[in-house]
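See structure below.
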Amino acid sequence: MSAEAPDVFVHPHALNESRNIGDGTRLWAFVHVMDGAKVGRFCNLGEHVFIERGARVADRVTIKNQVSVWDGVTIEDDAFIGPGVIFTNDRYPRSPRMPAAHDRYAHPENWLESTRVGRGATIGAGAIILCGLSIGAHAMIGAGSLVSRDAPPHAWIVGRPGRIVGWACLCGRKLSESFACPVCGRRYEKSDDGLCLAGDAG
Amino acid sequence: MSAEAPDVFVHPHALNESRNIGDGTRLWAFVHVMDGAKVGRFCNLGEHVFIERGARVADRVTIKNQVSVWDGVTIEDDAFIGPGVIFTNDRYPRSPRMPAAHDRYAHPENWLESTRVGRGATIGAGAIILCGLSIGAHAMIGAGSLVSRDAPPHAWIVGRPGRIVGWACLCGRKLSESFACPVCGRRYEKSDDGLCLAGDAG
Amino acid sequence: MSAEAPDVFVHPHALNESRNIGDGTRLWAFVHVMDGAKVGRFCNLGEHVFIERGARVADRVTIKNQVSVWDGVTIEDDAFIGPGVIFTNDRYPRSPRMPAAHDRYAHPENWLESTRVGRGATIGAGAIILCGLSIGAHAMIGAGSLVSRDAPPHAWIVGRPGRIVGWACLCGRKLSESFACPVCGRRYEKSDDGLCLAGDAG
């Protein structure tokens, strides 16, 4: 309960059981980080956030209120997880306590599917992320979307199910048809799996 | 606050005021079960779950994080309630404190509508369940659906509003067109109000 | 922490840091009202509600469980905010901790957009309210809607994105085509920006 580094802020009404929280990270009221969970440096976990023991959160991640990050979910550096975003880790859930489901839930490999949120991506408020999929770096998932398949880097996705309706700049704005940002001026090129900054090797 | 049976686990950050919680049930952090609420045996109530005084939860039910179970909601044995599922109990809500609404809220029969979640049913993550309706046994409500009318037993429902797009096996998988499960092999037959196991009298 | 007026009820598991909470208001378990936030008289804040320091909540407002009211959100008298409603205050969010986003988040005027919920309006369960918009008095936003533009007074809005599908009476029921309420009998007239009570000057 008091294992965190001196530079971790744990609100008096939060509950931290992890020894793997990086410097500069803040846990606000009614947050619970379980033993075994890893949270990087300079993150901000909003109120009522829950981090399960097998979850992984990298550096400079912002998670707004009311988000549960389950076993199997990995969130990379600089991602933004909006309020009320819902992650999942089981495509075909039944109550594990139902006798007919005991065998399935006896081993995580029977049911646990992973989710990756790429570097700098945004998951908009109230979006639902199905499991077994990957959201590319700097993708922008619109508020209330239901993401049911992989999102390429920089994709702008809205709807239920979510569909690509454009491309997002690193800065968060929608790109023009020539992949230029009307706000910050960055330019992008098509790559095999989405977009990359023009002139960027990788 | 300490009325529960010896075999009920109440997390130190949870709040239990009910004397009707069954053996083997666990209440995790920031859960609140009100006085008068009934929760059966071997249930698991995830973090931030709220059980109002008139709610009824049967045995072996799993409720994931961030779910409020209101007066008028009944959850039968073996059901799974996903994270962030939203129940309701008023079709035409106004603030009960608004003077023009005082009369309506003076008597529960003026506004309170009930909801039933049948045995072994699954309510997927973030689904919204309108009130005055019944979800049949072993139905599978997809993540993010909006359920606005009764769901027959074993129905697989997705969308907003939710529509039947197939049929679900007891084990959680979608049945073939001949009502056989491609995973566990169970077979079903059409019944008056949905599906039932082949050869099953009721 | 103990600054509230004597007639404010603060549940022992709630956290109040504001000196601006009106008489008769109740804060239930796991609620947090920040210093600087203003909440009026005779409000009811359900469990897990969060009121940020710049938020404004007027009198007789009902906020059900699991709602975060952010800086920039104003809720007028007699409004009803359903369970799990999600407000936002940034149209293009990125993690403020991402180096490329530091400049944008250095000044609130770069990103903070306001939202107004008008007097007597209802936001249905699980609805998502984008920012920079206004919801008119007595509007009825259906459960699970995504509101992406202004709603006129008395508008009945459902869907994603939300669209006007009818008109709502003060009492919460849908009006007939002649703008009469089949339940309470009130009559309305078209006005420049929505509906108003027949014979009502304003």
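Does region B:11-27 contain any residue that is buried (at least 23 other Cβ atoms within 10 Å of the Cβ), within 12 Å of chain C (Cβ to nearest Cβ) and under 30 Å from C:Gly120 (Cα atoms)? No - not one qualifying residue is present in region B:11-27.
A count restricted to region A:68-114 and to residues that are crowded, with 24+ Cβ neighbours inside 10 Å and at positive phi stands at 2. Go through the residues of region B:177-191 one by one and say whether even a single one is over 18 Å from the mean Cα position of the chain (by Cα) and under 23 Å from B:Thr115 (Cα atoms). There is at least one residue in region B:177-191 that is over 18 Å from the mean Cα position of the chain (by Cα) and under 23 Å from B:Thr115 (Cα atoms). Applying the condition of being free of Cβ contacts under 8 Å to residues at least 12 places away in the same chain, small (Gly, Ala, Ser) and not in a strand (DSSP E or B) to region C:168-197 and asking which residue is farthest from C:Gly120 (Cα to Cα) yields C:Ser178.
Only one of the listed residues (C:Gly124, C:Gly144, C:Gly136, C:Gly120) is crowded, with 24+ Cβ neighbours inside 10 Å and on the phi < 0 side of the Ramachandran plot. That residue is C:Gly124. The residue that is nearest to B:Gly172 (Cα to Cα), counting only those in region A:67-84 that are within 9 Å of another protein chain (Cβ to nearest Cβ) and touching a residue at least 24 places away in the same chain (Cβ under 8 Å), is A:Gly84. Looking at region A:34-66, which of the residues that are closer than 22 Å to A:Gly142 by Cβ and part of a loop (DSSP other than H, G, I, E, B) is farthest from the other protein chains (Cβ to nearest Cβ)? The qualifying residue farthest from the other protein chains (Cβ to nearest Cβ) is A:Val49. Any chance region B:19-32 includes a residue that's within 16 Å of the chain's Cα centre (by Cα) and under 28 Å from A:Val67 (Cβ atoms)? Looking through region B:19-32, none of the residues is within 16 Å of the chain's Cα centre (by Cα) and under 28 Å from A:Val67 (Cβ atoms). Give region A:1-18 a look and list any residue that's within 26 Å of B:Val49 (Cα to Cα) and at pLDDT 95 or above, or say none. Passing the criteria: A:Phe9, A:Val10, A:His11, A:Pro12, A:His13, A:Ala14, A:Leu15, A:Asn16, A:Glu17, A:Ser18. Residue count for region C:127-161, restricted to those that are closer than 13 Å to A:Ala143 by Cβ, away from chain B (no Cβ under 14 Å) and hydrophobic (A, V, I, L, M, F, W, C): 5.
Note on region A:85-126: residues that are charged (D, E, K, R), under 21 Å from B:Phe80 (Cβ atoms), more than 8 Å from chain B (Cβ to nearest Cβ) and assigned to a loop (DSSP other than H, G, I, E, B) total 4. Within region A:163-186, the residues that satisfy the criterion of being touching a strand residue (DSSP E or B) at 6+ places or on another chain (Cβ under 7 Å), surrounded by fewer than 19 Cβ atoms within 10 Å (Cβ to Cβ) and within 14 Å of chain C (Cβ to nearest Cβ) are A:Arg163, A:Val165, A:Gly166, A:Lys174, A:Arg186.
The values are calculated or read from the model by the stated rules, or taken from the named source; none is laboratory data. No experiment lies behind these values; they were computed from the predicted model shown. FYI the Cβ positions are ideal-geometry reconstructions off the backbone, even for glycines, and counts take in every protein chain you see.
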